[in-house]
Amino acid sequence: MLITHGLVATFGATPQMIADGAVHYTTGRIDAVGATADLARQFPADETLDARGQLVMPGNICSHTHFYGAFARGMALRGEPPKNFVEILEKLWWRLDRALLMEDIRYSALVCLVDAIRHGTTTLIDHHASPNEIDGSLDTIAGAAIAAGVRVACAYEVTDRNGDDGAAAGIAENARFLKAQQQSPHPLIGASFGLHASFTLSDKTLDRCVGAARDLKSGFHVHVAEDKADQADCLNKHNRKVVERFDDARVLGPQTIAAHCVQIDAYEIDILRETRTKVTHQPRSNMNNAVGMQATAQLLKRGICVGLGNDGFSNDMFMEMKAAYLAHKQAAGDPRVMGADDVLRLAFANNAQIAGLFWRDPLATLAPGAAADIILLDYAPITPLDAGNLPWHLIFGAGGSHVTTTICNGKALMKDRALLTLDEAEIAAKAREHAAQVWKRV
């Protein structure tokens, strides 16, 4: 396939903006990027997609999300509104996840995947919980991802909050799914070993998880110090902070994704750097839960790979970028903090490093050898646009609503805003039915 006549933003190590540019890809991988005239001569017989001057760029990546939370939208909570993070978990998320049955899990994933495709997100790293439907739950999510044509990495949240049997089942689900992917990998699917958080994991369960993951040569996907309550619990029970505890337990390392890391200190930041642990930032969720703001600039300065996730908010990652740009300025009282170029570093280069734990072909760049994950936006800039000022155009101008075409692994998932792999109306109708039943069980 040859995409022609686009304004091609390559991103990558040496970002370029190619006017009247073209991208050629074969079997899921890009093999040429350049001027339309040159590539048209090089591939005269290939099928073409005329971008008609649209912005052509790599698909977005979300490095931490929760598909299972989709049915929380509009759901009424019992009693008084939660007044802190722990109450949010107890009154909302831990009631919702227990109410999910297998078809609920599937439709929760599907509605999120529709949202991702519509807004140009082609890769997502999911963290799942469904205490009453654990066995096979990751297969259900992977099946939805394959049907949609989107890259998804799966992990099941191991926790002690549902007793010994629940913890054992979570460990078994992670191990089973990891083994299955290692024995018969699918190009769109990744696998990691999921953990909830320090304050819901005993030493015994944590040791079992580390042993199982070691045997499978897997890293972890875990929430780290999202709220002060996590740190207080760890200090009270274990006489150390969360990052210290996870380091001692051999959870941290270059294959591990530590989500949030909001309430951590300089010593913990040093541990994350030394272990080369990957970190993700979810500003919309952090603001919504009033847990504080990650010290992202400090983490980056220390050389830590910090990516951008959404924690289950909408899969329009352009919105998450805009939120990150604004939230840090407000939190710091300093308009110089977290420039647009810093935000795009999280969303593209760093997210690509994190996604590289699961997929070999480079992501978040349009270059020969990279994955053919490409989106087209009908963004008509009102000021000059070049490689140098693109970050500010993406923060202040372009957004998910401009996405017209989404391609993942060389397959068109949406063209001219029409979904090609999923029936959006059918999925929405079924989701409403399932959500209504879930609400009755919550």
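Bear in mind these aren't lab numbers, they're just calculated from the coordinates by the rules spelled out. Here the structure is a predicted model, which means the values were calculated and not measured. Don't worry about glycine lacking a Cβ; one is built from the backbone with ideal geometry, like all the others, and counts go over all protein chains shown.
Worth a mention:
- Here the label points at residue 228 and residue 330, each 7 Å from Cα along the C-beta direction, are separated by 2.0 nm in the simple model.
- Over segment 60-355, relative contact order from alpha-carbon pairs under 8 Å, at least 6 apart, %: 19
- One chain, two ends: residue 202 and residue 238. Fully extended at 0.36 nm per residue, the span grows by 12.0 nm beyond their Cα-Cα distance.
- Environment charge at residue 67 (Cβ cut-off 13 Å; Lys +1, Arg +1, Asp -1, Glu -1): -4
- Qualifying trypsin sites (Lys or Arg not before Pro) for segment 90-190 [loop in DSSP, other Cβ within 10 Å: at most 16]: none
- Proxy reagent accessibility, fewest Cβ within 10 Å first, across 313, 199: 313, 199
- Seen from residue 130, the other residues with C-beta closer than 14 Å to its C-beta sum to a net charge of -4, counting Lys and Arg as +1 and Asp and Glu as -1.
- Summarising the strand pairing of the chain, around 45 percent of its internal DSSP beta bridges are antiparallel.
- Modelled FRET efficiency - R0 51 Å, residue 361 with residue 80, Cβ distances, 0.05 increments: 0.55
- Selection among 26, 439, 385 by position relative to the dipole of the chain gives 439 as farthest towards the positive end (Cβ unit charges, Cα centre).
- Packing-based ranking, highest mean first, of 181-193, 416-428 given that Cβ atoms within 10 Å are counted: 181-193, 416-428
- Entry for P(r) over Cα pairs in 10 Å bins from 0, in percent (calculated from the structure that is shown) out of [x] 5, 22, 32, 26, 12, 3, 0; [y] 4, 19, 27, 24, 15, 7, 3, 1, 0; [z] 4, 13, 16, 15, 12, 10, 8, 7, 5, 4, 3, 2, 1, 0: [x]
- Calculated [θ] (222 nm, deg cm²/dmol) that DSSP helices of n ≥ 4 give over the chain, each run adding -39,500 (n - 2.57): -11000 deg cm²/dmol
- The residue list 408, 325, 427 was ranked by how far each Cα lies along the charge dipole of the chain toward its positive end, using unit charges on Cβ atoms, and 325 comes out on top.
- Partners of residue 411 within straight-line reach, counting lysines whose Cα lies under 23 Å from its Cα and excluding those fewer than 8 residues away in the same chain: none found.
- For a label point 7 Å along the Cα-to-beta-carbon line of residue 412, residues of segment 113-146 with backbone N under 18 Å: 117-122
- A straight Cα-to-Cα reach below 30 Å connects residue 241 with the lysines 83, 91, 204, 217, 228, 278, 301, 329, residues fewer than 8 places away in its own chain not being considered.
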